[in-house]
Amino acid sequence: MSDPANLPDRDPASTQTPPPPPAGSTPGGAAAGNTPAQLAEASPQDPQASLMRRITTGNGLVSVLAIVLSLLVGAILIAATDERVTSAASYFFSRPTDMLSAIWASVSEAYGALFRSAFFNTQADGFANAIYPLTETLTVATPLILAGLGVALAFRVGLFNIGGQGQIILGAMLAGWVGFTLNLPAGLHLLLAVVAGIIGGAIWGGIAGVLKAKRGAHEVIVTIMLNYIAVYLLLYVLTTPGFQRPGSNNPISPEIHESAAYPLIFGSGFRLHLGFIVALLAVAFVWWLLNRSTTGFELRAVGANPQAARTAGINVSRAYITAMVIAGALAGLAGTAQISGTERSLSGDIAASFGFDAITVALLGRSNPIGTMFAGLLFGALRAGGVGMQSNTGIPIDIVLVVQSFIVLFIAAPPLVRSIFRIHTGQKKSRKSTARTAKAGGAA
Amino acid sequence: MSTATTTPSSRTGSIAPAIRNWGAPVTLAVLALVALVGFAIGSPHASARFRISADADALQVPDVVLGTTLVGWITAVVLLALAAYSFALTTRAQPAPRWLVPAFAAVWVIAFLVWVIGSANNPNVYFSGLIAGSFTLAIPLIFGSLSGVLCERSGVINIAIEGQLLAGAFGAAIVGSITHSLLAGVLAAIVASVVVSMVLAVFSIKYMVNQVIVGVVLNVLVAGLTSFLFSTVMKDNSSLFNSPPSFHNIRIPGLADIPVFGPILFDQTILGYGMYLAVFLVWFGLFKTRWGLRVRAVGEHPKAADTVGIKVNTMRFWNVTLAGVVAGVGGAFFTLVTSSSFNKEMTAGQGFIALAALIFGRWNPIGAFFAALLFGFSLNLSFVLTILGTPVPSQFMQMLPYVVTVFAVAGLAGKSRPPASNGIPYVKE
């Protein structure tokens with residue numbers, strides 16, 4: 001039950017080499033000096049602690065099963081809306097095999113197309129064409145990983161960063177402005193654009209962090225509202241001379257200069273750009289930050305139990321602001337992946353729905369950087385595959401949204417998945433004891 | 001979940017030692033100065049003409065013509081006085097009266113409206129139409145925020161208002177088209193929205209999944225599902241699946257001819273009249289009945305409520321379901337009144353404006369009603385201003401609900417405190 005005492009144990013990495021105690025404060029373990037009564041009082045008041053535990057310690061089997069179940073739901077939807085299936089269903093009782101084969105045809109065509117457009121095109125001629133879908137997956141995964149890291153980092157500090165969308169927009173806006181306005185040498189220009197993107201995202205995330213830390217404003221509400229403020233801000237600046245493409249009446253900016261674009265990794269035949277490497281570096285950075293740095297230790301301590309962290313001398317307000325600034329910066333990087341990587345010019349839907357997808361990515365990745373990377377790759381594959389599926393079989397890409405949300409719903413409720421698959425975990429049916437064992441499991 | 005814990009000051013109020021919240025007076029002072037500089041000193045020295053009656057109206061009321069300079073100065077003085085009053089109260093650590101922020105907002109809106117119309121290329125606006133249009137935009141927002149009030153007063157955060165509205169709009173469109181029945185359309189909207197609500201309820205209450213997560217995911221799920229079904233089923237067969245009937249206005253003769261207020265009070269569809277009834281019922285139910293007392297107890301202090309024998313989680317479950325019913329009617333408004341067919345993601349973020357209205361309205365049905373009206377007005381004004389050609393970009397008007405809400409939750413526009421146990425699952429000890 002005692003949150004701070006468990007903190008170092010929750011992360012296997014940090015048990016091997018305990019992080020240095022924050023300067024001028026007692027080590028994390030000493031925070032357990034709280035009376036049990038205080039802790040017992042604090043824990044039901046703090047749902048985020050148990051949420052963090054559930055997100056970070058759930059088992060991998062549930063994730064796999066959740067993905068399988070969600071693809072099954074998608075398959076049902078695809079089959080149910082296929083005309084071949086519905087027409088075969090009208091004479092189901094006379095020839096049931098017709099309907100079953102129609103269902104098989106419909107679903108296998110859809111998921112086959114999705115696979116070929118996401119990983120490896122078995123029907124293509126030549127290796128380059130066959131491998132092209134995989135590079136598309138990596139390209140789409142880039143902003144998902146970056147923005148997902150932003151959401152995941154905030155989660156670990158107990159904050160819900162719903163504001164990925166707005167942070168991406170601000171990042172793309174500033175990076176884009178640097179990209180198409182300034183004239184600089186190749187390397188420097190890109191660097192400056194990326195820094196501008198980071199600053200843009202960090203400001204937008206920081207607003208939520210400061211309002212949370214200083215005014216107690218609920219970060220969920222603030223970040224949702226900031227998303228919409230960013231959308232309208234973007235639409236506004238796209239009508240001003242500084243941003244609007246000369247000679248155009250549409251809300252679209254000029255193309256960024258080539259010097260401010262991420263270099264393409266495999267040449268002009270592929271869209272995959274250096275931003276993907278940046279995303280991988282960001283994964284490493286967040287991992288280091290959370291598991292190896294003093295700041296990361298403080299952030300995790302605040303996420304586990306803010307009251308105990310405060311007692312241990314950690315500045316909780318500063319942790320909130322730091323977390324949101326870094327989270328925003330990561331989302332801002334996702335914005336640069338869009339503007340300097342794939343899109344090259346600023347328009348109203350520069351952020352697509354990456355900010356919202358990032359939330360699902362972070363949840364699927366259990367808020368840990370490595371997990372977030374794999375989740376980003378999976379959702380990148382789903383999205384890239386969905387585009388191919390839509391153009392080959394006519395099945396709307398919206399099915400990807402449905403599959404994604406089902407994945408998250410199933411993952412967020414492990415008892416549900418366990419009961420569907422009848423996995424016995426030795427837990428009693430009673431909800432109370434389930435909660436208790438979950439907590440005990442987190443401590444083990 | 002956190003607002004209350006991180007700002008103990010907002011809960012202790014005037015209990016000594018007084019913690020003064022300077023947010024509100026400072027914000028009001030800044031806004032008052034904006035009015036002084038922008039609308040009074042920066043007056044375009046023109047006159048703004050507000051047409052009250054249309055040519056066809058039975059009752060003709062002369063146009064109201066207001067000089068921007070005069071109105072600018074008068075309102076600026078009033079606003080400065082209100083800001084000064086707020087400062088005085090805060091200095092003495094007294095709580096601001098409840099009318100202060102709404103009154104300030106109303107005067108500021110008048111000042112802004114006169115200034116912006118006066119500055120337009122065509123300083124002439126059909127005021128009754130502006131109000132009636134705002135009202136039509138506000139009705140689904142009001143239903144949405146009532147849904148939020150019902151959920152959050154019982155302690156369940158409802159981020160899924162957007163999804164509920166969208167599901168309602170979809171259900172109304174498809175069933176209304178197939179059955180050609182308005183009643184069936186509304187019922188289908190309610191069922192669709194209730195399904196969304198029940199998923200929220202089951203996941204957040206039974207499985208204790210974080211309510212914000214469920215809400216966010218439900219929005220994505222409903223958007224994906226309705227867009228998918230729209231593309232696969234509705235689009236190619238729109239005459240069969242996407243041409244629902246529309247509600248007609250029921251005009252109360254005589255009363256509907258009252259200038260400005262007639263159309264919004266006495267020339268509405270059944271859903272419009274139903275909205276008034278819903279606001280009243282939710283307010284009456286929450287604050288005047290035993291049921292409401294229990295709901296609020298469950299939302300504020302579930303343990304205490306449990307101790308006196310209230311079934312906390314059952315209560316929450318049915319409240320969330322009821323919220324679905326209300327939001328469903330709001331969703332039906334999109335496809336059975338404002339638009340003649342369903343379209344992909346047609347709610348376009350209105351569920352979040354409803355959420356904003358709920359917060360700015362301080363989790364109170366009446367407050368949410370007026371906040372939604374204000375937001376509907378700002379939306380409609382942004383359309384009107386685009387036509388009139390004014391210096392204020394329409395995007396800023398559309399941004400307004402969100403900005404106001406950020407200020408509200410940051411305590412910069414008075415206190416805005418959620419129910420104490422909002423978002424916290426209840427586990428019986």
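The values are calculated or read from the model by the stated rules, or taken from the named source; none is laboratory data. Quantities reported herein were computed from a predicted structural model and do not represent experimental measurements. A quick note on method: Cβ atoms are made from the backbone with ideal geometry, for glycine too, and the neighbour counts reach across all protein chains shown. Accessible surface areas use protein heavy atoms only, side chains included; no ligands, DNA or RNA. Shrake-Rupley method; radii C 1.70, N 1.55, O 1.52, S 1.80 Å.
Contact with the other protein chains removes 10 Å² or more of accessible area, compared with the isolated chain and a 1.4 Å probe, from these residues of the range B:358-406: B:ILE359, B:PRO393, B:GLN395, B:PHE396, B:GLN398, B:MET399, B:TYR402, B:VAL403, B:THR405, B:VAL406.
For B:ILE250, the residues whose modelled amide H falls within less than 5 Å of its own, excluding neighbours fewer than 5 places apart on the same chain, are B:GLN268, B:THR269, B:ILE270. If you look at the Cα atoms of the range A:143-380, you get an Rg and a Dmax of 17.4, 60 Å. Counting only Cα atoms, chain B measures 65, 62, 37 Å along its principal axes, largest extent leading.
Just to confirm the filter: which chymotrypsin sites (Phe, Trp or Tyr not before Pro) across the range A:72-174 are DSSP coil and have at most 11 other Cβ within 10 angstrom of their Cβ?
When the chymotrypsin sites (Phe, Trp or Tyr not before Pro) of the range A:72-174 are filtered for loop state and at most 11 Cβ neighbours within 10 Å, A:TYR91, A:PHE93 remain.
If you take the beta carbon distance between B:PHE396 and B:ILE41 as r and set R0 to 25 Å, what does 1/(1 + (r/R0)^6) give as a FRET efficiency, to the nearest 0.05?
With R0 = 25 Å, the Cβ-Cβ based efficiency is 0.75.
When A:ARG245, A:ARG84 are compared by accessible surface with a 1.4 Å probe, the order from highest to lowest is A:ARG84, A:ARG245. Under a Gaussian network description of chain B, with springs only between Cα atoms under 10 Å, the residue in B:ARG51, B:ARG92, B:ARG296 that fluctuates furthest is B:ARG92. Accessible area per residue for the range A:143-380, computed on protein heavy atoms with a 1.4 Å probe, is 31 Å². Contact-buried residues of the range B:144-160, at a threshold of 20 Å² lost accessible area versus the chain by itself: B:ILE159 (1.4 Å probe; DNA, RNA and ligands ignored). Ligands, DNA and RNA left out, the accessible area of chain B computed with a 1.4 Å probe is 69% carbon and sulfur. In chain B, the DSSP-assigned H stretches of four residues or longer account for a calculated mean residue ellipticity at 222 nm of -20500 deg cm²/dmol, using -39500 (n - 2.57) per stretch and the full residue count as denominator. Buried between A and B is an accessible area of approximately 4900 Å², summed over both sides with a 1.4 Å probe. Of the heavy-atom accessible surface of the range A:143-380 (probe 1.4 angstrom), what whole percent is carbon and sulfur? Heavy-atom surface of the range A:143-380 belonging to carbon and sulfur, 1.4 Å probe: 67 percent.
Please work out the FRET efficiency for the pair B:ASN124 and A:PHE266, using the Cβ-Cβ distance as r and a Förster radius of 41 Å; give the result to the nearest 0.05.
Between B:ASN124 and A:PHE266 the formula returns 0.10.
Note on A:VAL64 and B:SER339: the model spin-label points, each 7 Å out from Cα along the C-beta direction, lie 4.3 nm apart.
Looking at chain B, the accessible area is 39 square angstrom per residue; that uses a 1.4 Å probe and ignores ligands, DNA and RNA. Taking a virtual spin label 7 Å from the Cα of A:ARG318 along the C-beta vector, which residues in the range A:277-295 bring their backbone nitrogen under 13 Å of it? Within reach of a label on A:ARG318: A:294-295. At an R0 of 56 angstrom, the distance between the Cβ atoms of B:LYS311 and B:ARG251 translates into a FRET efficiency of 0.75.
Hey, for a label at A:ALA284 modelled as a point 7 Å past Cα toward Cβ, could you say which residues of the range A:369-394 have their backbone N under 20 Å away? The answer is A:369-377, whose backbone nitrogens lie closer than 20 Å to the label point.
Spin-label model, B:GLU429 to B:ASN237: label points 7 Å out along the Cα-to-beta-carbon direction sit 5.7 nm apart. Working note: Debye formula, equal point scatterers on the alpha-carbon atoms of the range B:144-205, no solvent; log10 I(q)/I(0) at q = 0.22, 0.29 Å⁻¹ is -0.81, -1.11. Each residue, A:VAL195 and B:LEU293, gets one label point 7 Å from its Cα in the Cβ direction; the gap between the two is 6.5 nm. Projecting the alpha carbon convex hull of the protein assembly as shown along each direction and taking the average yields 40.0 nm². Can you bin the range A:89-220 into rounded, prolate or oblate? Criterion: square roots of the alpha carbon gyration tensor eigenvalues sorted a ≥ b ≥ c, rounded for a/c under 1.5, prolate for a/b above b/c, oblate for the rest. Because a/c hits 1.5 or more and a/b fails to exceed b/c, the range A:89-220 counts as oblate. At full extension, B:VAL202 and B:LYS303 could sit 34.3 nm farther apart than now, given 0.36 nm per residue minus the alpha carbon distance.
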